[in-house]
Amino acid sequence: MVNTNINWTAMSDTAIVSKIGEFIKNERLKINKTQAQLADEAGINRWTLSQIENGEAITMISLIQIMRALEILQLLDVFSVKQEISPIKLAKQEQQKRQRARKNDNDNAKQSDW
C-alpha cells in the first residue's frame, strides 16, 4: 500500500511544482492522451505542457487550462471560502427566534363597533 500522506510544508517550492507535474502527467496518461492532444484541448502549446510535466513552473492560467482539459477542476474546491458562524452568534440568533405568536393589535381595529 502506498503512503499518500505527503508533508507539503516540508517540501521546497520546486519539489511541489514537480509533484504537480507528476500528477498532471499521470492524469493525462490515464485518459490515454498525448501531450499534443491535451495541449490542443487546453489551448496551450505542447512545450508548456511538457514544462509542467517535467517539474518546471508555468503560469496559473496555463495550469487551470490544463485542469479544465483533464476535467479535474473539482480539485479547486478546497479553495472555496465557507461562511462560518461563531457559536456565540449562533446562540444569540437562537435566543432571538420567535417563541410564540402574538395577536396583532391591528386585528382589533378591523372589528366594527355596532
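Every read-out reported here was derived from the displayed coordinates using simple, explicitly stated rules and does not represent laboratory data. Worth saying up front: this structure is predicted, and the values here are computed from it rather than measured. Note: ideal-geometry Cβ built from the backbone for every residue, glycine included; neighbour counts use all protein chains shown.
Between Ser86, Ala101, Ala69, the Cα set farthest toward the positive side of the dipole of the chain (charges on each charged residue's Cβ, about the Cα centre) is that of Ala101. The Cα atoms of the range 1-48 give a gyration tensor whose axes a ≥ b ≥ c have a/c of 1.5 or more with a/b no greater than b/c, which makes the shape oblate. Simple point charges give the picture: +1 on the Cβ of Lys and Arg, -1 on the Cβ of Asp and Glu, and for the chain a dipole about the Cα centre of about 620 debye. List the lysines whose Cα lies under 21 Å from the Cα of Lys33, skipping any in the same chain that are fewer than 8 positions away. Partners within reach: Lys19, Lys25.
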